[in-house]
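The structure appears below as structure tokens.
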Amino acid sequence: MLVLEREVHEEIVVGHADRPTTLARPLVIKIIRARNGKVSLAFDAGDGVPINRREIFESKFGTVLQGRSFVGRTRRRKRARSA
């Protein structure tokens with residue numbers, strides 16, 4: 001699992017225009033607001049790309065997604081920067 005920190009109004013881009021994926025174009029996620037332990041996100045995924053909260057997805061499709069849930073705090077690790 002990749003964990004990214006972003007400030008309000010910053011964006012994350014998923015996918016690449018030159019590489020074929022299941023997305024017709026990159027998915028852009030923008031941080032709209034962070035307040036009282038909650039974050040508001042905006043998704044620009046293009047037409048026909050369903051976006052659901054995990055619990056809604058699992059309820060709709062009657063399946064539990066495999067994979068880790070990210071819960072709690074993490075320790076920050078400093079990466080060595082290449083010169």
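The values are calculated or read from the model by the stated rules, or taken from the named source; none is laboratory data. Predicted model only: the values in this text are computed from it and were never measured. Neighbour counts are summed over all protein chains in view; Cβ atoms, including those assigned to glycine, are modelled from backbone coordinates with ideal geometry.
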Quiz item: Between residues in region 35-48 that are free of Cβ contacts under 8 Å to residues at least 40 places away in the same chain and within 14 Å of residue 24 (Cα to Cα) and residues that are of a type in the set (Lys, Arg) and surrounded by 11 or more Cβ atoms within 10 Å (Cβ to Cβ), which pairs lie under 7 Å by C-beta distance while being six or more apart or on different chains?
Solution: 46/25
Practice problem: Please work out if residue 6 is at pLDDT below 70 and either in a loop (DSSP other than H, G, I, E, B) or of a type outside the set (S, T, N, Q) (or both). | Solution: no
Quiz prompt | Residues of region 24-74 classified as within 17 Å of residue 6 (Cα to Cα), basic (Lys, Arg) and modelled with pLDDT under 85, total | solution = 1
